[in-house]
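Engineer: Quick one: the structure is below, questions incoming.
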Amino acid sequence: MIPKRSGARLPGRGRRSPAPSPMKSRPERGSAMIRAADSPPGTYSTAAALRTGLMVKCPACGGPGAVTADEERFYFRCERCRKVMEKPRAVSRRKVEGLCEGCGRFYRVHLPEETGGFPVLRAACPYCGHEMPGRVQKVPGGWYTVWGDIRNGREPWFGLELWFLSSYRGKQVWALDRAHLAWLIGYLGAGLRERPAVGYLGRMESDHLPAFMKTAKDRAGILKCLKRMQEK
């Protein structure tokens, strides 16, 4: 007669407990996910950067400088050599006009910038050639707005090269200032990029980024490029 097995197991027999896996356990979904919220359009525009200083490369010493603006003028100041440049926001031309003393016809002569700021200048009638003194008047010729596009890595007012400027696979990668650079690194490096529930006419700041910066295959390389610029 075969004896029945008791419920107790002998030492060293039975199922073995699984050995701990040398691989790290995966974190719970969402626990290690880096999130980044999109920003309203214009948050990192040229107009916004001008308020605190749009960072550019000094044409004299190659050091960092900043472009700012007020209601009347644009300003550049280098942090290293202290070079300063100014440019009026309003562009004006100068003219002399009136009735010609020789032929009696109404004339208008636009003056070159080299004529200086004299209030009265002699000008020749374009019809008969008679010269006479005339009062110089300013004519608005345009207005430089604080909204401008970055072209070929240069700002639109002085034409200076951006300080945070690099390239990735033949395409330019740039930032207007350190705040803009930090946002690019945070947004592109996030595992989850969120758009606010309330849209701003359906567009956000990320909609202005070039397509190659948002593709998954290029994102890691672009992030390295941006972080190298952050060390400047």
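Engineer: Determine the pairs where a residue that is at pLDDT 90 or above, located within region 149-161, has a partner that is loosely packed, with under 15 Cβ neighbours inside 10 Å and small (Gly, Ala, Ser) with Cβ atoms under 9 Å apart, the partner being 6 or more residues away or on another chain.
Structural biologist: From region 149-161, the pairs are Gly153/Ser167.
Engineer: Could you run through region 45-69 and say how many residues are over 13 Å from Ala179 (Cβ atoms), small (Gly, Ala, Ser) and assigned to a loop (DSSP other than H, G, I, E, B)?
Structural biologist: Adding up the residues that qualify gives 3.
Engineer: For Arg77, indicate whether it is at pLDDT 95 or above and not assigned by TED's automatic domain parsing to the domain that holds Gly134. Write out each step before concluding.
Structural biologist: Details: at pLDDT 95 or above: yes; not assigned by TED's automatic domain parsing to the domain that holds Gly134: yes.
Considered against the rule, which asks whether it is at pLDDT 95 or above and not assigned by TED's automatic domain parsing to the domain that holds Gly134, Arg77 comes out as yes.
Engineer: Are there any pairs with C-beta distances below 7 angstrom linking a residue in region 202-217 that is over 17 Å from Ala48 (Cα atoms) and in the same structural domain as Ala182 (by TED's automatic domain parsing) to a residue that is at pLDDT 90 or above and outside any loop (DSSP other than H, G, I, E, B), with the two at least 6 apart or on different chains, and if so which?
Structural biologist: Short answer, once both residue conditions are applied: Phe212/Lys171; Phe212/Asp218; Met213/Leu188; Met213/Ile222.
Engineer: Would you check which residues across region 81-100 are under 30 Å from Ala124 (Cα atoms) and outside any strand (DSSP E or B) and list them?
Structural biologist: Pass one, region 81-100, residues under 30 Å from Ala124 (Cα atoms): 88, 90-100.
Matches in region 81-100: Cys100 only.
Engineer: Something else now. Testing Gly104 on (1) under 30 Å from Thr46 (Cα atoms); (2) not aromatic (Phe, Trp, Tyr); (3) not in a strand (DSSP E or B), one condition comes back false. Which one is that?
Structural biologist: In the conditions (1) under 30 Å from Thr46 (Cα atoms); (2) not aromatic (Phe, Trp, Tyr); (3) not in a strand (DSSP E or B), Gly104 misses (1) alone.
Engineer: Then there's this: Cys128 fails exactly one of the following numbered conditions: (1) within 15 Å of the chain's Cα centre (by Cα); (2) at pLDDT below 90; (3) surrounded by 12 or more Cβ atoms within 10 Å (Cβ to Cβ). What is the number of that condition?
Structural biologist: Among (1) within 15 Å of the chain's Cα centre (by Cα); (2) at pLDDT below 90; (3) surrounded by 12 or more Cβ atoms within 10 Å (Cβ to Cβ), Cys128 violates only (1).
Engineer: In the set Ala190, Ala175, which member is under 16 Å from Ser39 (Cα atoms), over 13 Å from the mean Cα position of the chain (by Cα) and of a type in the set (A, V, I, L, M)? Outline the logic, then answer.
Structural biologist: Working: Ala175 fails: over 13 Å from the mean Cα position of the chain (by Cα).
Among Ala190, Ala175, only Ala190 is under 16 Å from Ser39 (Cα atoms), over 13 Å from the mean Cα position of the chain (by Cα) and of a type in the set (A, V, I, L, M).
The values are calculated or read from the model by the stated rules, or taken from the named source; none is laboratory data. A quick note: this is a predicted structure, and the numbers were derived from the prediction, not measured. In this analysis, Cβ positions are derived from the backbone assuming ideal geometry, glycine residues included, and neighbour counts consider all displayed protein chains.
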